[in-house]
Structures are given as structure tokens and as C-alpha cells.
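Derivation of every value follows stated rules applied to the coordinates shown; laboratory data play no part. Since the model is a prediction, treat every value here as computed from it, not as a measurement. Counting neighbours? That spans all protein chains shown, and the Cβs are built from the backbone with ideal geometry, glycine included.
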Amino acid sequence: MKCEVCGTEIPTGEVECPECGNKLEVTHQEIVQTKKRNDHNKKALLICGSIILIILIYVLAAYDFAPRSSGPIERLTYQQTIDRGYDDGSIQVAIDKQKDVEEFIYNALDLQNIKSSQYCLSDGNTTIVCFYVEGMLESNQYSISYSVVNKQLKTSRLEVYGTNNKSIQTLSNIPIDETIMNKMGDYIEINQAYSLLNKAREKMAKDKNDQKRCIYINQENPEISIIENQESESEYSFNVSIDIDYSKINKNR
């Protein structure tokens, strides 16, 4: 950093120019800290966007929306859905379930920065009501999401997004909290969720279209998905999830 008055290079951490004595309003340390905060905020936005996109794809696939669609699918707020007359009572079911999920996460899981989001997907004929609740533990983002159709719980998903300095394929276990994952699994009626994910991790393979990506998806019910991307030589990002389609379970009973 150079002095604005005389142009002298100012050492990191100094609060004034060593040449002319000009006082600095911001120290190098403050600049570094600000950059770190900005980088963290950008990464948080990317994580949030990834979660929304993955939930959106799964919900549409689980409901088989396309063959039923009579028009373009819109993403709407709850109020927009109600104002257009698209709600059949599913929004209230989702609101009640979201309150239950939030209470569970606040009371049973040791997570921080807990947030929630809700929206609807509609083509004017069929409406899917969706929400998710997420929270942080260390560098991992944990979330539980649900979709509601015709006033019935349609799907649920538990998901973790995180980063690590090594590939999860080289580790003995996925670097997520075992207790939290199992509690989340129990909540959506999946037993031993942590063990299921670790067994799936052993079956990961290189993506044919991207050699920096490894994946495993079992395409069953529940569906287990693990995706890992190599961001750099010393950084890997991973997304693990378990999805359950309650309507398929009910059909098999």
C-alpha cells in the first residue's frame, strides 16, 4: 500500500507513513480482514445458490412436472401464489411443517446462522410448495428441505455442503458431523444417514465429462447423492444429500 501524500510504500500493519507521517484511515490488517469477510460472503452466496438450484431440480424431477405441465413453470412467493388463486391449502401445510423443522434445528442441532427460505413452483395448474431451513457448523452448511403437493408432504431432503483440503475419497469418513447427520436423518425417517453416506462415498467415480469431479447417485428411494469438485490443488468442495419421496413409499405400502 502506498501513501496518498508522498507515494512511499507503507509496511503492512502501519497506521502512518514512515516518510511523511500521513495518518492512514485504514490499516493493512483491516484491509486483509475486509477482504476475508467479502470472500466469505461471496462463498456463502454461492452455497445458498447451489442449495436452491439442487432443491429445485430434485423437486421437479420427483414430481415429474414436465408431462403434467400446461404452461411455463414460475417460481412464486407464497403471497403471489395465494393472490393468483393457485393455493389449495398446501401453503399452510408447508408453514406448519417449516415451524416444526425450525424448532427441531434450533433445539436438537448445534448449528449457527440458521436461515430459512420458501417459494412455490407453479404452471397455473399444479403448484408445488417448497421450503428449506439451513445452518452452519464450522465450514459446513447443513439443510433440511420439504415440498408439499395437494396438502401432502411430497419430498424431503437433507443436505450438507462443505469444503476440505483433501478429497473425501482419500479420507476414512466424510468430514461432516456424524451426530447431526444422524439426527437429521431420523427426522426425515432415514436411519443411520451418516453410515449410508459413507458407504456411498466408497462407490464414487470420476465424472466422464469433468475429470475434476467425482460423483455417486443411486437413483433409488431414498436417493443418495455425493458430488465432489476439485477447486484447486489443495481445496475440494463437496455436496452430499439424501432425498426421500413419500408418495412412492406410500404406494409401496
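If you add up the charges near ASN229, with Lys and Arg at +1 and Asp and Glu at -1, over every other residue whose beta carbon is less than 11 angstrom from its beta carbon, what do you get? My count for the surroundings of ASN229 gives -3. Evaluated on region 98-253, the Kirkwood hydrodynamic radius is 16.5 Å, with distances taken between all distinct Cα atoms.
As a proxy for reagent exposure, ranking GLU138, GLU235 by other Cβ atoms within 10 Å from fewest up yields GLU138, GLU235.
Using the Cβ of ASP243 as centre and a radius below 14 Å, the other residues enclosed give a net charge of -2, where K and R count +1 and D and E count -1. With neighbour counts taken as other beta-carbon atoms within 10 Å, the residues MET204, MET136, MET184 rank, fewest first, as MET136, MET204, MET184. Would you mind checking the pairs LYS154/LYS183; LYS115/LYS248; LYS115/LYS183; LYS151/LYS199; LYS99/LYS166; LYS151/LYS203 and listing those with alpha carbons more than 27 angstrom apart? Exceeds cut-off: LYS115/LYS248; LYS151/LYS199; LYS99/LYS166; LYS151/LYS203. Each residue of region 102-116 is assigned a 3J(HN,Hα), and the resulting list reads 4, 5, 4, 5, 5, 8, 9, 10, 8, 10, 10, 6, 6, 9, 9 Hz, derived from the Karplus form 6.51 cos²θ - 1.76 cosθ + 1.60 (θ = phi - 60°), x at Gly and Pro.
With K and R counted +1 and D and E -1, the other residues having a Cβ less than 15 Å from that of ASN182 yield a net charge of -4.
For region 111-199, the fraction of C-alpha pairs more than 19 angstrom apart is 48%.
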